[in-house]
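**Q** Below is the structure I would like to discuss, written out as structure tokens.
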Amino acid sequence: MDLNAIIQYGESKHVEFKSWIKVPNKKDLINILVNESVGFANTDGGTILVGVEDNGEITGCDYYDEQKIIESIYDKTMPNLFTDIDVSNIEGKDILIITVEKSPDIVATSKGVVYKRLGKNTKPFYPSEYASNKIKGFEGDYSAKVIVPATKNDIDFTEVERLKRKIQARDSESTLYQSDNISFLKDLRLIELVDSEMKLTVAGLLFVGTKEAIAKYMPQSEIILLTYNEDQTEYNKRLELKLPISYYSGCR
């Protein structure tokens, strides 16, 4: 990294300058660094140079604690944000280089405020703008999305039979449950054929996927069962399950 060249180029979407000497209350400075880190994490990542003024003048830092800074950023963000910090000395003055990676999730401050990077400024990031509210690269019913890496081996045919019995119990006049397993799954859009290979859809994985496949392709899918004794506010049993939906519907 040619730090002199970066400073000479000035602030940008990926670079922010912050003064150390102009913020005497370092708690305030930490909060500023947290906000800037959140903005970078929610955009494309970036670098904060502490000890550099907005005009590029190097004024440096003194009496700093690198570990305290990165721990403060971690503690004051949700989900907790990991950052790296290095120190570079230019013209006899220390510059703190804080590197922030792009986060796969929306990051907020511990106060619940979300920021993003807009050009060379950090701006509020509103819920309506969150990319996580959209399915990137997919339009329509998300449950019908094909899980490309999945194979026929990821289907739990015991769950297929369980699902058939549930349909039969719900509608005895239906002929759907009388189909062979593959036709049954195709009719319900639980599988699709891609280049002559059988692939589970998202709905298929959740209804008839093996527990290994669910853990692999949709690890966020989980049911937590809590058991309470009468008149008690604390549960006495906790069960975490990553199993097909049809299994849960039979639980009592």
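Coordinate-derived values only; no laboratory data. Given the structure is predicted, the values throughout are model-derived calculations rather than measurements. Every residue, glycine as well, gets a Cβ built from its backbone with ideal geometry; the counts of neighbours run over all protein chains shown.
**Q** Neighbour counts of other C-beta atoms within 10 Å: give me Ile48, Ile32 arranged from fewest to most.
**A** Listed from fewest to most nearby Cβ atoms, that is Ile32, Ile48.
**Q** On to the next question. For Val15, Val114, which order do you get if you count the other beta carbons within 10 Å of each Cβ and list the fewest first?
**A** Least to most surrounded, the residues fall as Val15, Val114.
**Q** Looking at the square roots a ≥ b ≥ c of the eigenvalues of the Cα gyration tensor of segment 22-70, which shape do they give, rounded for a/c under 1.5, prolate if a/b is larger than b/c, or oblate? The partial results should precede the final answer.
**A** Values: a/c = 1.85, a/b = 1.27, b/c = 1.46.
The shape class here is oblate.
**Q** Sticking with this structure for a sec: Can you give me the Cα centroid spacing of segment 161-178 and segment 1-22 in angstrom?
**A** Segment 161-178 and segment 1-22 have Cα centres spaced 65 Å from each other.
**Q** Using the Karplus curve 6.51 cos²θ - 1.76 cosθ + 1.60 with θ = phi - 60°, work out ³J(HN,Hα) for each residue of segment 18-23 in order, rounded to whole Hz, and write x for Gly and Pro.
**A** Values, residue by residue: 9, 7, 8, 6, 8, 10 Hz.
**Q** Now a separate question. Arranged by the count of other C-beta atoms within 10 angstrom, fewest first, what order do Lys237, Lys26 take? Don't jump to the answer; show the numbers that get you there.
**A** Details: Lys237 9, Lys26 16.
Least crowded to most crowded, the residues run Lys237, Lys26.
**Q** Tally Lys/Arg at +1 and Asp/Glu at -1 over every other residue whose Cβ is under 10 Å from the Cβ of Ser12; what's the total?
**A** +1
**Q** Still on this model: Quick check on my link table: of Lys68/Lys116; Lys164/Lys216; Lys22/Lys93, which ones sit more than 18 Å apart, alpha carbon to alpha carbon?
**A** From the list (Lys68/Lys116; Lys164/Lys216; Lys22/Lys93), the Cα-Cα distance tops 18 Å for Lys68/Lys116; Lys164/Lys216.
**Q** Another question, if that's okay. For segment 1-78, which chymotrypsin sites (Phe, Trp or Tyr not before Pro) pass both filters: DSSP loop (anything but H, G, I, E, B) and at most 10 other C-beta atoms within 10 Å?
**A** Answer by residue number: Tyr63.
**Q** Karplus couplings for segment 48-61 from phi (6.51 cos²θ - 1.76 cosθ + 1.60, θ = phi - 60°), rounded to Hz, Gly and Pro as x?
**A** With coefficients 6.51, -1.76 and 1.60, one gets 10, 9, 9, x, 10, 6, 4, 8, x, 5, 8, 10, x, 10 Hz.
**Q** Pull up all non-local amide H partners of Leu118: gap of 5 or more, or a different chain, and H-to-H distance under 5 Å with H placed in the peptide plane.
**A** For Leu118, the qualifying residues are Lys123.
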